[in-house]
Amino acid sequence: MAMLKIENLQVYYGFINAIKGVSFEVNEGEIIALIGANGAGKTTILHTVTGLITPKSGKIEFEGINLVKTPAHKIVSLGMSHVPEGRRIFQQLSVYDNLRLGAFTLTDKKQIEKNFEYVYHHFPVLAERKKQIAGTLSGGEQQMLAMGRALMTNPKMLLMDEPSMGLSPIFVNEIFHIIGEVSRDGTTVLLVEQNAKKALSIADRAYVLEAGRISLEGKASDLINDENVKKAYLGE
Amino acid sequence: MITLIDGLSLGSIYALIALGYTMVYGIAKMLNFAHGDIIMVGAYAIYVAMSFANPNPVIALISSIIVCTLLGVFVEKFAYKPLRGASPLAVLITAIGVSYFLQSVAQIVFGSQPKPVSGWKLPKIEFLNQFGITTGAVVTLIAGILIMVALTLFINITRTGSAMLAVSEDKGAAKLMGINVNKIITITFAIGSALASFASMFYLLQIPNAEPTLGAMPGIKAFTAAVIGGIGSIPGAMLGGMVLGVIEKICLSIEVISPYTTAIEFSLLILILLVKPTGFLGRTTKEKV
Ligand SMILES: Nc1ncnc2c1ncn2[C@@H]1O[C@H](COP(=O)(O)OP(=O)(O)OP(=O)(O)O)[C@@H](O)[C@H]1O
Ligand SMILES: [Mg+2]
């Protein structure tokens, strides 16, 4: 059974129909890439899944639970974490406080300690800079903090919105390397990316979003060789 | 020296009120212009509690805290919450409406004449009195500082405090952390209104009269203090309150300029807005969905 199941999703901003009947599934353990051009609706889909936007119609089910009816602040405790577009870390707070807020819903001190260790293990730079004010981190470090913050609940599924945005190739490689590790540790990943090449190289399956509709789907290894995808998204 | 203590004491009243403005602004991104009238309601609560047969100041204070806190939460729930996401102008107009509403209700219930609050004074301390310092000023200053320290600790140490900081920076991201944003906004109104009730108590130590428009002047001055300190910033509200209180008392102590005190205070506001629009400790923040 699919872990996350989206059926015929319709999302509007006022009169603008941003998502026009999208359906897709994410199975446990997979890395799924959702690629598409600027304005295709990728961020809108993730925001709708985690409750920041209410859809006009359609179904969103996470492990059988109806997310459309679940308020945004209750979704993280179901085991779904969202690394939003543009990172949106708490700029004025320290690295430590950001991570601690990531574990806001947890009450078990030991579990929180364990999750801190897990995050510091993957991102040693965050451990070194615990006390630094988050807004003064470099872009790459901020992305790591955003990802670390989302991992502080030890989520079953991680939604990531353009983690490579604005990063140098070395940092992009580093981030994608960690996404691979997190996936191997058992976290299911839904990855939204403009960097289609990178995303397809790491994903199991992928969906291509075009103006609010899914235009293509398949195994990532097939899509990476697809002529249309090559032309439109890989710049070849 | 005396002027300084008086100024700091008046400043702590402004600071307590300014904290309410600044916290609500920081978290709900709105100017709650009815905040000053919460002080007025708090003053009437003390007046009522002190007019019973055996008045007890502690009970009066506690009832004022309870009345103000509940009123703040009610106003948020019934007047502002339905407007979440509405234009800032609509919210502002509503806040002004709430302000007039509270003043009118007070006038209907208690009349427009000032009601003297009996028995609301502190014993004189001879030692201080020699220097011309009133007990009220000292108590206000010390209690004001203690309350501000407690609030700072609450915000920086507790889970709810950190959630408040997160909400003030980015509501959407705060929701993703599992923070119930509506609940945090309610708590913020409750705390701001509770602080206002302390302001009522200290205000009555200086002028022991409750009247319907009592909250207007301290409210607008505290708002000025919050803007001078940097609206949205908690240390800024404390600093702005203290600065304004001291300036007011200094101006009042110099005979030639004392009639222009209020004008000078508001000119200071305009000056600060021109030179540093974000106030002393305010930050320029980006707004996000
Ligand atoms: N708050 C909003 N109000 C109105 N329209 C919006 C809003 N947010 C997004 N849109 C519109 O919805 C469409 C989809 O936007 P979305 O941000 O989901 O795209 P995206 O695929 O994430 O793009 P990008 O790769 O540039 O981040 C766009 O046409 C955008 O202009
Ligand atoms: Mg996007």
Residue identified as in contact (Cβ under 8 Å) with a residue 12 or more places away in the chain and either away from every other protein chain (no Cβ under 14 Å) or not basic (Lys, Arg) (or both) among B:Ser162, B:Ser197: B:Ser197
Looking at B:Phe33, is it open to solvent by 80 Å² or more (accessible area, probe 1.4 Å) and either of a type outside the set (Val, Ile, Thr) or at pLDDT below 95 (or both)? no
Restricting the range B:216-255 to residues that are among the hydroxyl-bearing types (Ser, Thr, Tyr) and touching a helix residue (DSSP H, G or I) at 6+ places or on another chain (Cβ under 6 Å), the one surrounded by the most Cβ atoms within 10 Å (Cβ to Cβ) turns out to be B:Thr224
Does A:Ala33 satisfy the criteria of being open to solvent by less than 10 Å² (accessible area, probe 1.4 Å) and either within 16 Å of ligand 2 (Cβ to nearest atom) or part of a strand (DSSP E or B) (or both)? yes
Taking the range A:159-180 as the search range and keeping residues that are small (Gly, Ala, Ser) and away from ligand 2 (no atom under 16 Å from the Cβ), which one is surrounded by the fewest Cβ atoms within 10 Å (Cβ to Cβ)? A:Ser168
Go through the range A:86-145 and tell me which helices (runs of 4 or more DSSP H), entirely inside it, have 2 or more residues that are more than 11 Å from chain B (Cβ to nearest Cβ) and open to solvent by less than 60 Å² (accessible area, probe 1.4 Å). A:109-122, A:124-128
Would you mind telling me which numbered condition in (1) over 15 Å from B:Leu204 (Cα atoms); (2) in a helix (DSSP H, G or I) B:Asn32 fails? (2)
Residue list for the range A:164-193, filter: closer than 14 Å to A:Ile32 by Cα and touching an Asp or Glu at 6+ places or on another chain (Cβ under 8 Å): A:Thr188, A:Val189, A:Val192, A:Glu193
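The rows are residues; the columns are (1) modelled with pLDDT under 95; (2) surrounded by 24 or more Cβ atoms within 10 Å (Cβ to Cβ).
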{"site": "B:Val139", "(1), (2)": "yes, no"}
{"site": "B:Ile145", "(1), (2)": "yes, no"}
{"site": "B:Met148", "(1), (2)": "yes, no"}
{"site": "B:Leu151", "(1), (2)": "yes, no"}
{"site": "B:Ala173", "(1), (2)": "no, yes"}
{"site": "B:Gly178", "(1), (2)": "no, no"}
{"site": "B:Val181", "(1), (2)": "no, no"}
{"site": "B:Ile184", "(1), (2)": "no, no"}
{"site": "B:Tyr203", "(1), (2)": "yes, yes"}
Listing of helices (runs of 4 or more DSSP H) fully contained in the range B:184-289 that carry 2 or more residues being under 15 Å from the mean Cα position of the chain (by Cα): B:216-229, B:234-253
Hey, could you check the range A:12-30 for residues that are open to solvent by 40 Å² or more (accessible area, probe 1.4 Å) and within 14 Å of chain B (Cβ to nearest Cβ) and say which is nearest to ligand 1 (Cβ to nearest atom)? A:Tyr13
Within the range A:47-56, does at least one residue satisfy the condition of being farther than 18 Å from A:Arg205 by Cα, away from chain B (no Cβ under 14 Å) and away from ligand 2 (no atom under 16 Å from the Cβ)? yes
Number of positions in the range B:268-277 that are farther than 12 Å from B:Lys221 by Cα, surrounded by 11 or more Cβ atoms within 10 Å (Cβ to Cβ) and not charged (D, E, K, R): 4
Quick check on my filter: what residues within the range A:193-236 are under 20 Å from A:Ala18 (Cα atoms) and free of Cβ contacts under 8 Å to residues at least 40 places away in the same chain? A:Ser215, A:Leu216
Would you check if A:Val189 is closer than 18 Å to A:Tyr118 by Cβ and not in a helix (DSSP H, G or I)? yes
Test result for B:Ala53, assigned to a loop (DSSP other than H, G, I, E, B), more than 20 Å from B:Val227 (Cα to Cα) and open to solvent by 10 Å² or more (accessible area, probe 1.4 Å): yes
Within the range A:36-61, which residues are in a strand (DSSP E or B), within 13 Å of ligand 1 (Cβ to nearest atom) and at pLDDT 95 or above? none
Consider only pairs whose beta carbons are under 6 Å apart and that are at least six residues apart or on different chains; among these, list those whose first residue lies in the range A:38-59 and is open to solvent by 30 Å² or more (accessible area, probe 1.4 Å) and whose second residue is among the aromatic types (Phe, Trp, Tyr) and more than 9 Å from ligand 2 (Cβ to nearest atom). A:Lys56/A:Tyr12
What single numbered condition from (1) closer than 27 Å to A:Ser77 by Cα; (2) in a strand (DSSP E or B) fails to hold for A:Gly218? (1)
Sole exception among (1) away from ligand 1 (no atom under 15 Å from the Cβ); (2) farther than 23 Å from A:Glu113 by Cα; (3) crowded, with 19+ Cβ neighbours inside 10 Å; (4) modelled with pLDDT of 95 or more for A:Ser183, by number: (2)
Index of the failed condition, A:Lys198 passing every other in (1) within 16 Å of ligand 1 (Cβ to nearest atom); (2) within 14 Å of chain B (Cβ to nearest Cβ); (3) part of a helix (DSSP H, G or I): (2)
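The values are calculated or read from the model by the stated rules, or taken from the named source; none is laboratory data. Since this is a predicted model, take the numbers as computed values, not measurements. All Cβ positions, even for glycine, are placed from backbone atoms using ideal geometry, and neighbour counts span all protein chains on display. Note: areas computed on protein heavy atoms with side chains; ligands, DNA, RNA excluded. Shrake-Rupley method; radii C 1.70, N 1.55, O 1.52, S 1.80 Å.
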